[in-house]
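**Q** Supplied in structure tokens, the structure appears directly below.
Here, each number is a calculation from the coordinates, and none is a lab measurement. On a predicted model such as this, the values are computed, not experimentally measured, just so you know. We place every Cβ from the backbone using ideal geometry, glycine too, and count neighbours over all the protein chains shown.
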Amino acid sequence: MSGKPHLWISLWNLWITTPTYPQTPRNRGIGRERARHNLRGVRCFGAYQGPVFAPMGGHGNPRSYGTHGRIEHVTSSEVPTVPLNEVPGEFDDSVRAAAEKAGAILLDVREPDEWALGHAPGAVHIPVDDIPARLDELDYDAQLYVICRQGGRSFEAVKYLTHVGFDAVCVVGGMVEWQRTGRPLVGEGEHEPKIY
């Protein structure tokens, strides 16, 4: 598989060692506090996927793999997406308060070094691996627009967030598209903000 080997190994390990997956308020009729209680101890967003693999004999995943583990195609019918032009303009401002008042959060799930090079001014940064441990930082009632570099990590994050009851959508094209369309970027440090 491409990507970060430690992420995929941790996903596999958590799937093997996690006997149940967290219930959600939306599909189990339980309260928000109970759902959060069910998430305690989950160290990686992929832990919930264990039961999804069960129909496949406990091996593989919902993606279709070709020879040598390469992904041939990924279906996204279960993952809500939104084009960049439908992302609220409030995220172009450096103050997040306006967007949060409107009930929307732009969640950037890239790594800290990517975030430092350039990000949307009104975004909230939580790396994808940290999402389960930092769910309390997100407004449960807000619309989450989840973004990464091009869409792979945000796709996985949206699968997890919707599974645990958040109203989340994946921003198609990610920060690469954000930069291409000329939306504002800010960076940390003296360099000019840029998405690579």
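**Q** Pop a pseudo-label 7 angstrom from the Cα along the beta-carbon direction at both ASP139 and GLU111 and give the gap in nm to one decimal.
**A** 3.2
**Q** Provide the convex hull volume over Cα atoms per residue for the range 131-179, in Å³.
**A** Convex hull of Cα atoms, per residue: 72 Å³.
**Q** Run the quick spin-label model on GLN150 and ARG180: label points 7 Å from Cα toward the beta carbon, then report their separation in nm to one decimal.
**A** Rounded to a tenth, the inter-label distance reads 1.0 nm.
**Q** May I pose another question? Quick one: length gained pulling ASP92 to GLU190 fully straight, 0.36 nm per residue minus the C-alpha distance?
**A** Value of the extension gain: 33.3 nm.
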